[in-house]
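These notes concern the structure reproduced below.
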Amino acid sequence: MNGVSIASMGGISGVVEWRFGALLVVGLFSRLSAFILSGLTAVAYFIAQMPQRFFPLLDGGNPAALYSFGILHLAAAGPGPWPVDAMRGQG
């Protein structure tokens, strides 16, 4: 994906994934980051896979659906005891 404009949908998605993914890995603002990434993954499924067929098993959208629900679970359950937020006393 060389030469992708930042103003395009793919460019904006890439920047959002890179920034919030890094925050999620580090554990800073984990719940917010996971919630935003889950929504981004759901939107990607609805744009790319759902127009073909509704069910993820039939249209190859299994990874997008699994990632969306897995990251949403992380947003609801929390990151656990070792994120940077917990060390700062905000977890």
With r defined as the distance between the Cβ atoms of residue 82 and residue 46 and R0 fixed at 25 Å, what FRET efficiency is calculated, to the nearest 0.05? 0.15
Taking Cα pairs under 8 Å and at least six residues apart, what relative contact order does the chain come out at, in percent? 31 percent
Would you mind counting up the charge near residue 40? Only other residues with Cβ under 14 Å from its Cβ, with Lys and Arg at +1 and Asp and Glu at -1. 0
Gained length - residue 62 relative to residue 2, 0.36 nm times residue gap less alpha-carbon distance: 18.9 nm
Computed E for residue 73/residue 13 - FRET, C-beta separation, R0 22 angstrom, nearest 0.05: 0.55
If you plug each phi of region 3-10 into the Karplus form 6.51 cos²θ - 1.76 cosθ + 1.60 with θ = phi - 60°, what whole-Hz ³J(HN,Hα) values come out, in order, with x for Gly and Pro? x, 6, 6, 5, 7, 7, 4, x
If one takes the longest principal axis of the Cα atoms in the chain, at what angle in degrees, from 0 to 90 and to the nearest 10, does the Cα axis of helix 62-77 lie? 20 degrees
Working only with C-alpha atoms, what are the Rg and Dmax values of the chain, expressed in angstrom? 14.9, 46
Scan the chain for trypsin sites (Lys or Arg not before Pro) in coil per DSSP, keeping those whose Cβ has at most 16 other Cβ atoms within 10 Å, and list them by number. 53
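Every number here is computed from the coordinates shown, using simple stated rules; none is lab data. Quick caveat: nothing in here was measured; it's all calculated off a predicted structure. Every residue, glycine as well, gets a Cβ built from its backbone with ideal geometry; the counts of neighbours run over all protein chains shown.
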